[in-house]
Amino acid sequence: MRILGIDPGSRATGYGIIDGTDETLISTDVIRLDGTDDHTQRLKEIYDRLTEIIAKHEPNEFSIEMPVYGQNPQSMLKLGRAQAAAMMAGLNAELPVSQYTPKEIKKSVTGNGNASKKQVRFMVASILGTNADDFTHDAADALATALCHNNRDAHDESDSYTGWASFVEANPDRISE
């Protein structure tokens, strides 16, 4: 099963595709949208590029990070629109769309819902057997979203980690020395 994870943004939208069966990396990158100040054109670009990515990689599932808070209402509105543009690409490809909060994603990948971006990137690389320098924070967040979705499918709702020790105990194969 291929899972597409999205970290939406109106200037940079990260995406990552994993094989959920063995948690291997298929593809990841960031859609950069700095070429225009026209917000509606950036939304179209998000939709068009994700439509191409979906056609190329044929994921079975679509997962996306939900914007949940922000200091600036205009920024939150733009972020919500970017999320909607991304979701429409998945919905039009008839993919089931799942949304996760940043805390859910961080907790699923690191065991800590308040983990830093650096911690998320490190754990994503560790889980996928890659180097953290191989991708940006936006790409790592997208991959974390896909991994979170995979964890939800693979584990009973009652499964949870209470910290690093319980994560390591439950996942000794994911820790390298």
**Request:** Can you confirm whether the range 112-120 contains a residue that is assigned to a loop (DSSP other than H, G, I, E, B) and either at positive phi or at pLDDT below 90 (or both)?
**Result:** no
**Prompt:** Taking GLU94 and the conditions (1) surrounded by 16 or more Cβ atoms within 10 Å (Cβ to Cβ); (2) more than 14 Å from the chain's Cα centre (by Cα); (3) modelled with pLDDT of 95 or more; (4) not in a helix (DSSP H, G or I), which numbered condition does it fall short on, given that it satisfies the others?
**Reply:** (1)
**Request:** Just give me the residues in the range 71-86 being crowded, with 19+ Cβ neighbours inside 10 Å and either under 15 Å from ILE3 (Cβ atoms) or of a type in the set (Gly, Ala, Ser) (or both), in sequence order.
**Result:** ALA82, ALA85, ALA86
**Message:** Cβ-Cβ under 8 Å, sequence separation 6+ or interchain: first residue in the range 57-86 and within 16 Å of LEU143 (Cβ to Cβ) and at pLDDT 95 or above, partner outside any strand (DSSP E or B) and hydroxyl-bearing (Ser, Thr, Tyr). Which pairs?
**Reply:** SER63/THR145; ILE64/THR145; GLU65/THR101; GLU65/THR145; ALA86/TYR47
**Message:** Restricting to the range 1-47, and then to whatever is without any contact (Cβ under 8 Å) to a residue 24 or more places away in the chain and part of a helix (DSSP H, G or I), can you tell me which residue is nearest to ARG152 (Cα to Cα)?
**Reply:** GLU45
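The values are calculated or read from the model by the stated rules, or taken from the named source; none is laboratory data. Keep in mind the model is a prediction, meaning the values are calculated, not measured. Note that we place each Cβ from the backbone using ideal geometry, even for glycine, and neighbour counts take in every protein chain shown.
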